[in-house]
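Asks: Handing you this structure, nothing more for now.
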Amino acid sequence: MPPTDDDATRPPDARPWHAIPHADALAHLESAPHGLAADEAARRLERHGPNRLPQAKRRGPLQRLLDQVNSVLIWILLVSALVTALLGHWIDTAVILAVVVANVGIGFVQEGKAEAALDAIAGMLAPQAATLRDGKRVGIPGEHLVPGDVVLVEAGDRVPADLRVVEARNLRIEEAALTGESVPSEKSIHPVEADAQLGDRASMAYSGTMVTAGSGRGVVVATGSRTEIGRISGLLAEVGEMTTPLLRQIDSLAKTLAIGIVVLAAAVLAFGILVRGYAFDELFIAVVGLMVAAMPEGLPALLTITLAIGVQGMARRNAVVRRLPAIETLGAVSVICSDKTGTLTRNEMMAATVMTGERVYEVSGEGYAPEGGFTHDGAAVDPADEPLLADLARAALLCNDAALTRTEHGWRVEGDPMEGALVALAAKAGFEPRAERTSWTRMDAVPFDAQHRFMATLDRPNEAERGAYVFVKGAPERILAMCDVARGADGRDLPLDRARCHAAIEEIAAKGQRVLAFAGREAGEGEDMLDIESVEPGLVLIGLVGLIDPPREEAVASVAECHEAGIDVKMITGDHAATASAIARALGLSNPDDVLTGRDLDALDDAALAERVRAVDVFARTSPEHKIRLVSALQAQGRVVAMTGDGVNDAPALKRADIGIAMGRKGSEAAKQAADMVLLDDNFATLEAAVKAGRTVYANLQKGIAFLLPINGGESASLVIALLAGLALPITAVQILWVNMVSSVILGTSLAFEPPEPDVMRRRPRDPEKRILDAFLAWRVLFVSALFTAGIFGAYRFGLSQGHDEATARTIAVNALVAMEIFYLFAVRYLDSPSMTLAGALGTPVVLIVVGAVTALQLGFTYVPFMNAVFDSRPLGLAELAAALAAGVAVLVMLEAEKLVRRAMTRLRTR
């Protein structure tokens, strides 16, 4: 297709190079088959710039630190510290600042690495390139390539820039990172349709992809940010960071609490000055104590620690969480958009179907492992009893240049993935590949080429009584055209039934398998060389083989578990529609037959797409832009979207999703850096454990909030009552900070270790917009706050009634508050079920450890002279300690009674 006049107005890299004859491409770029002159290349380098991607702008350590300070709760604490310093209350100032430093430090350390996805993609550009300059082959740094350069590539090379292919010899390029296709793409010099999808552009070689076979030349049509990888890099830079549902809710809760605290403090300050006549400096210190009491200073630390504990637990399950809130986001996921290749499938080709004579065999096994067997009509077949099957397996092994090697991570193919699958097929048929190849001598071969679409070898057995043989494999339509007869099950050659063969090919292809045909013939007398023309005469069809990148067995079970948990699974892939549909059917997706392709998506506006995406579960031949659109369409419906992937083409969608999940073994570095979580075992099934962990983390965070807020509520209520009634404060501001940041956080952290509830994976995904402080938790906060207020005042008044001074009475009140916290911890572990059981009393080992630690710290608060000086505490006797303990027991008894009443009311409502 010749270029149009409009093409001349485009920048060079915007032309449809794949649709332009290669000679025209060279002409438009003012280049030639022998390349550019060195001085011209230098001028172009100055004009176009180096062949590298722009570096991502990073946040420095100072900016990251300031981001941690940018919290409403932290700002209130800082203002309180400033005012207390101005008033000369240095101990109060020091304790408040210590709380700020603790919260900011935890967040800064746990935040993780800055975004480095653009650097990861830049690392995919080839460091060296072989090019023609002044007609001579020279090696230059890849970043020195310019449009018009003629580049030479061969097996093992990374393509250094976007190339229009001008010469191809059996050239195959692995493009899974860009297209999601499981097998290398065959390249040729012939133009394709202008609207061809990326995976169908056989005349192009794209920067960052790998040459797996053959050799070729191409003229550079785009460099740096103008390459396909550069375009994806630009998409990645445009995708904003997503805020997780938990962070949105915590931020909303913090702002609500902050506004409420400031309004309450201002009202109390005004009342005290205008009605009670308090001096400002004296009252302001009391109001600071009120703000400190009402503010859940421990909430940021508890949130961070709980998430960090969840992250550590996931690491033990082969899932590395790169950003802390991601672990909780999994608990809200309602749809998983998964890439196919390498995620739901193994990214390892396998021969799945074999047809010889009148029989069709199903092949078992996994990936490249040379282990498995054959069945026919559901019955196991011994290949030793099937001579024709053995003939096909031998042809597949000898007309083949690949080899299999065993590594610590399993079997790896050296060479073309489809040929590696054929070696495994031969091993399953009883051949030992190395020994069989040793017993034959290859005399000549015709390499595969996209023009003649077959490979042929001339092999002579080392046994003298047998003659040489020609083995051929290739595209089925090409091999059928070369054959007039087919080998029958009894070994006799029969007229070729073309209709039956075409029906078999269509049946195998309908399963999403790529079909190869095999043929052979005895070599002629004295025939010791092959060429394209000499291969065909006398060929006999041996059979057909269907190959597929099969779904992971564990992924099938994982998809079913996701459906049970109310999570939709959608497959988004760059592969062909038929292949995607077949894999979706094997995986058990809800609607495998309704497939939308990239062209279908381009024809839909956003409103139509939002409607279709509800029902469609399979999307094929998609580009990075399509994946982003699909994720955005689902998010617009209020869905929490997880996206899995392994290729560079997945990176923008991974970043756009609520949680991006990359594959650790076979995933590109770009995908890993763009993701929130990396699966070290590349196993979709690990997601089930991750979702379970995420739901457990959220439930434990709810328990933590239900634990912290009533403590703050009781403290603040006791201070408000004291200030409004003109009474002395039962607890001071620094004592409240001690309780909130030491005992409260330590005890609350133990809730992060609570095990999953039995029905956690049978619940529907939670509504991400549902407030974390729902109606039940709000009632629980009010009820327990009232109990804590009564306990604090009761303990304080008890101390005064026993003749103690205010400092001693406050020490009793603080110990009563901590005792109530400890007993409330056992109650909050079971929000609905009884806590006064043996299991409830014993708790988990972590609960018992933290209770012991808090008890020891509280004894230090009470009896260590240094602590007495800082917190104005006093040593207590056994009677005072018993009174404090009684307050804790009373709280537990009252909460158990409340649970009984609530369960009884629930039963009455359901009758």
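Asks: In debye to the nearest 20, how big a dipole does the chain give about its Cα centre with +1 on each Lys and Arg Cβ and -1 on each Asp and Glu Cβ?
Replies: Using only the charged Cβ atoms, the result is roughly 3680 debye.
Asks: Oh, and also: Given 37 °C and 0.692 mPa s, how large is the Stokes-Einstein diffusion coefficient of the range 141-241 in µm²/s, with Rh as the Kirkwood radius over Cα pairs?
Replies: Answer, rounded: 240 µm²/s.
Asks: Here is a further query. Work out the length of the dipole vector of the range 573-687 about its Cα centre, built from +1 on the beta-carbon of each Lys and Arg and -1 on the beta-carbon of each Asp and Glu, and round it to the nearest 20 debye.
Replies: Dipole size: approximately 120 debye.
Asks: List the pairs from Lys136/Lys672; Lys340/Lys692; Lys473/Lys570; Lys570/Lys770 whose alpha-carbon separation is above 30 Å, in the order I gave them.
Replies: Check vs 30 Å cut-off fails for Lys136/Lys672; Lys473/Lys570.
Asks: The range 748-818 to the range 607-631: how many Å between their Cα centroids?
Replies: Centre-to-centre (Cα) distance: 47 Å.
Asks: Among residues other than Thr375 whose Cβ falls under 14 Å from its Cβ, what is the net charge (Lys/Arg +1, Asp/Glu -1)?
Replies: Residues close to Thr375 contribute a combined charge of -3.
Asks: Would you work out which of Val423, Thr438, Val648 lies farthest towards the positive end of the dipole of the chain, given +1 charges on the beta-carbon of Lys and Arg and -1 on that of Asp and Glu, about the Cα centre?
Replies: Result: Val648.
Asks: Now for a different question. Based on a Kirkwood Rh over C-alpha pairs, give the Stokes-Einstein translational diffusion coefficient of the chain at 20 °C and viscosity 1.002 mPa s in µm²/s.
Replies: Using the Kirkwood radius from Cα pairs, D works out to 67 µm²/s.
Asks: List the residue ranges in the chain for DSSP H helices whose C-alpha atoms run 24 angstrom or more along the long axis and whose Kyte-Doolittle average is -0.5 or above.
Replies: 90-110, 245-271, 298-315, 686-725, 775-801, 806-828, 845-863, 878-910
Asks: Report the one residue of Ala853, Pro875, Gly660 whose Cα lies farthest in the direction of the positive end of the charge dipole of the chain (charges on C-beta: Lys and Arg +1, Asp and Glu -1; origin at the Cα centre).
Replies: Pro875
Asks: Can you give me the Cα centroid spacing of the range 444-493 and the range 370-420 in angstrom?
Replies: If we compute the Cα centre of each part, the gap is 17 Å.
Asks: Give, in nm to one decimal, the length gained when the segment between Val870 and Ile721 is fully stretched (0.36 nm per residue of separation minus the Cα-Cα distance).
Replies: Gain on extension, Val870 to Ile721, equals 51.1 nm.
Asks: Further, regarding this structure: Could you tell me which residue out of Phe271, Val363, Ala390 lies farthest along the dipole of the chain toward its positive end? Charges go on the beta carbon: Lys and Arg +1, Asp and Glu -1, centred on the Cα centre.
Replies: Highest projection toward the positive end goes to Phe271.
Asks: Now for a separate question. Starting from the Cα coordinates of the range 545-648, work out the convex hull volume and express it per residue in Å³.
Replies: So the per-residue Cα hull volume is 107 Å³.
Asks: Using unit Cβ charges (K, R positive; D, E negative) and no other charged atoms, how large, in debye to the nearest 20, is the dipole of the range 350-548 about its Cα centre?
Replies: Approximately 380 debye in magnitude.
Asks: Turning to a different aspect of this structure: In Å and whole numbers, how far do the C-alpha atoms of the range 350-548 stretch along each principal axis, longest first?
Replies: Cα spread of the range 350-548 along its principal axes, largest to smallest: 44, 39, 35 Å.
Asks: Which distance in nm do the two modelled labels at Ser215 and Asp774 give, with both placed 7 Å along the Cα-to-Cβ direction?
Replies: Distance between label points: 6.8 nm.
Asks: Just subtract the alpha-carbon distance of Glu366 and Ser252 from 0.36 nm times their residue separation and send over the number in nm, one decimal.
Replies: 36.1 nm
Asks: Please find the FRET efficiency linking Phe271 to Asp681, where r is the Cβ-Cβ separation and R0 is fixed at 35 Å, and quote it to the nearest 0.05.
Replies: 0.05
Read the figures in this text as sums done on the coordinates, not as results from a lab. Everything numeric in this text was worked out from a predicted model, so none of it was measured. Cβ sites come from the backbone with ideal geometry, for glycine too, and all protein chains shown count toward neighbours.
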